[in-house]
Structures are given as C-alpha cells and as structure tokens.
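**Student:** The structure follows.
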Amino acid sequence: MNKLNVRQIVNDDMGVMSTDGKKVYAAIKREIEKNGKAVVSFKDFEIVTGNFINAIVWEFPGDFNGKNMDDLIEFVDISDGNRRQIHYALRDAELCYKYPKEFEEIMNQLWEGFD
C-alpha cells in the first residue's frame, strides 16, 4: 500500500490552505476507493490548519456512509497535537453525521456566545 505524503501533495511550506486540503482529501479518497485503506504521512509537515481538517472530516462521513474513519485512514509521522486536532474533528463529524439536527442546535448555541 502506498503511503500518501501530505508534503508532496501540497508542496507548500506554509501549511495546508483550503484548496490544498481538498486536494489532499481527494488523494485520500482515491486511495481508499482503490485499496480499501489509506496511509497518510505528515513527514516533514508540521502545520495542520482548520481548512485541512474541514476538507477531510466534513466530507468523509457522507462519502463513506458513516464508516469509522479510523478503519479507513491511518495517519503516520504526525505530531501529537495534530493527531489530537484530527481526532476531535473526527468525533464532531461523526456526531454531525449521526445526529445532524441535534448537532446543529448545539453548534448554534455555541456560536451565540461569539456574537
């Protein structure tokens, strides 16, 4: 199985921007469809931004019918901070997929405090 290297896909020292996140997600999706699993390496890539998380996490549950992302994607060569950030985002995405109405209500309540 090929190891997808985020640094090679993005080819950018500044982190993953929105369009790059979509590019990485597309590569991950193709790998899963082809091999049933993707191994994603963050070697020499330190910055994981919210746009990258959004591209992977919010599209994943719908594209893979709510399957557990941990069964389909293995993240390697990743810092603990980035691993935690992805873990929490995955949890949110799973809740959003399973309970969309309830999740929307919770998010709306959270955002009220920022107005």
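**Student:** Give the number of residues within the stretch 81-91 that are surrounded by fewer than 17 Cβ atoms within 10 Å (Cβ to Cβ) and under 15 Å from Val40 (Cα atoms).
**Tutor:** Qualifying residue count, the stretch 81-91: 2.
**Student:** Restricting attention to the stretch 37-53, report how many residues are touching a Ser or Thr at 6+ places or on another chain (Cβ under 8 Å) and at pLDDT below 75.
**Tutor:** 2
**Student:** Scan the stretch 93-115 residue by residue and report those that are acidic (Asp, Glu), surrounded by fewer than 16 Cβ atoms within 10 Å (Cβ to Cβ) and part of a helix (DSSP H, G or I).
**Tutor:** Once the filter is applied, which keeps residues that are acidic (Asp, Glu), surrounded by fewer than 16 Cβ atoms within 10 Å (Cβ to Cβ) and part of a helix (DSSP H, G or I), the stretch 93-115 yields Glu102, Glu104, Glu105, Glu112.
**Student:** Return the pairs, sorted by first residue and then second, in which the second residue is surrounded by 14 or more Cβ atoms within 10 Å (Cβ to Cβ) and assigned to a helix (DSSP H, G or I), the first residue lies in the stretch 89-105 and is free of Cβ contacts under 8 Å to residues at least 24 places away in the same chain and of a type in the set (A, V, I, L, M), the beta carbons are less than 7 Å apart, and the residues are 6+ apart or on different chains.
**Tutor:** Leu95/Phe103
**Student:** Sort out which residues of the stretch 59-83 are of a type in the set (D, E, K, R), assigned to a helix (DSSP H, G or I) and under 13 Å from the mean Cα position of the chain (by Cα), and write them in order of number.
**Tutor:** Answer for the stretch 59-83, where residues must be of a type in the set (D, E, K, R), assigned to a helix (DSSP H, G or I) and under 13 Å from the mean Cα position of the chain (by Cα): Asp63, Asp70, Arg83.
**Student:** Then there's this: Select from the stretch 73-88 the residues that are in contact (Cβ under 8 Å) with a residue 40 or more places away in the chain and out of contact with any strand residue (DSSP E or B) (no Cβ under 7 Å at 6 or more places or on another chain) and list them in ascending order.
**Tutor:** Asn82
**Student:** Mind listing whichever residues of the stretch 70-108 are more than 19 Å from Ala26 (Cα to Cα) and of a type in the set (A, V, I, L, M, F, W, C)?
**Tutor:** Across the stretch 70-108, the qualifying residues are Ile78, Leu95, Cys96, Phe103, Ile106, Met107.
The values are calculated or read from the model by the stated rules, or taken from the named source; none is laboratory data. Remember, predicted model here, so these are calculated numbers, not experimental data. With ideal geometry, Cβ positions are generated from the backbone for all residues, glycine too; neighbour counts draw on all protein chains shown.
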